[in-house]
Amino acid sequence: MKNKSYIGIAFVILIFGIWAVPKIVNRYQNSDVVKNDRLNVANIDRKATNVLKIGPAPKFSFKNQNEQVVDNKSLEGKIYLVEFFFTKCPTICPVMNKNMRQIDSTFANRKDFQIVSVSIDPENDTFDVLKKHAEKLGASENWNFVRADKAYTFEVATRGFNLYAGQNNKVAGGFEHSGLFALVDKNGNIKSRTDDFGNPIVYYDGLSAKAVNELITDIKTLLN
């Protein structure tokens, strides 16, 4: 009886193989595996070397340390970086500030480049606090330290840019956020690098010296 059962199972496997294998081979030949089982990047713009267009940046409106409006309209025709931070951050923000300072100094003379550092702690980060923070870092006029209502800021971060930001009283500083930088081109589109397999990384690691150097290279490419 066992032998008959094994024969029956083997027969079923054989029939399945005859039916399925040609379909699997056909999927690979037509790249359907890549199209359907991984991120579809067919519509991503690859005109600039290593720099891909991911999609439009979300709508936002903040005020900077000088109480000037910084929004999509004021940034039209400019390349800009977006990050989420807070001045009392005791963990990753000092590293992010240092790396952003390197980028700021590299493009300080370019009027078509801006940085938008969004505070996720507006209750503490008043305009005066943000202005002093900018002075402490030696920020150029291109570097905007901005704020708005906390709920609105979290909405722009998490649902707009898909960069996590939230309040958590159990962590150091009371807030959590990503250490990533978003690069936006002159047409308002988020830009990205690709990994070794050609897939978009989407955001740049603001804590990595290597990623920051790559970001500087990509900004130069977009400016030119």
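The values are calculated or read from the model by the stated rules, or taken from the named source; none is laboratory data. Please read these numbers as outputs of a predicted model, since none were measured by experiment. In this analysis, Cβ positions are derived from the backbone assuming ideal geometry, glycine residues included, and neighbour counts consider all displayed protein chains. All accessible areas refer to the heavy atoms of the entire protein, side chains included, with ligands and DNA or RNA removed. Shrake-Rupley method; radii C 1.70, N 1.55, O 1.52, S 1.80 Å.
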TODO: Work out from phi, with θ = phi - 60° and the Karplus expression 6.51 cos²θ - 1.76 cosθ + 1.60, the ³J(HN,Hα) of each residue of segment 92-99, listed in order in whole Hz, and give x for Gly and Pro.
DONE: 8, 4, x, 5, 4, 4, 4, 5
Task: Carbon/sulfur fraction of accessible area - segment 52-223, other protein chains in place, 1.4 Å, % - done: 48
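Give me the net charge of ASP104's neighbourhood, meaning all other residues with Cβ under 12 Å from the Cβ of ASP104; Lys, Arg count +1, Asp, Glu -1. The partial results should precede the final answer.
On the way: positive: LYS98, ARG101, ARG110; negative: GLU83, GLU141.
Once all neighbours under 12 Å are counted, the net charge is +1.
By how many nm would the segment from LYS59 to ALA151 grow when fully extended, if each residue of separation counts as 0.36 nm and the alpha-carbon distance is taken off?
Values: separation 92, 0.36 × 92 = 33.12 nm, distance 1.51 nm.
Here the segment from LYS59 to ALA151 would lengthen by 31.6 nm.
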Open item on the list: Report, in listed order, any pair from LYS63/LYS210; LYS111/LYS210; LYS59/LYS220; LYS59/LYS88 with a Cα-Cα distance greater than 29 Å.
Closed with: LYS63/LYS210
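What percent does the relative contact order of segment 129-175 come to when contacts are Cα pairs within less than 8 Å and at least six residues apart?
19
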Task: Inter-label distance for PHE127 and ASN213, nm, one decimal - labels placed 7 Å from Cα along Cα-to-Cβ - done: 4.1
Task: Protection-proxy order for peptides 109-115, 152-158, each taking the mean of Cβ atoms within 10 Å per residue, highest first - done: 152-158, 109-115
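Evaluate the relative contact order of segment 124-224 (contact order divided by residue number), counting alpha-carbon pairs under 8 angstrom at least 6 apart; express in whole percent.
On the way: 87 pairs, mean separation 13.1, N = 101.
13 percent.
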TODO: Any chance you could check the Cα centroid distance between segment 156-195 and segment 99-122 for me, in angstrom?
DONE: 15
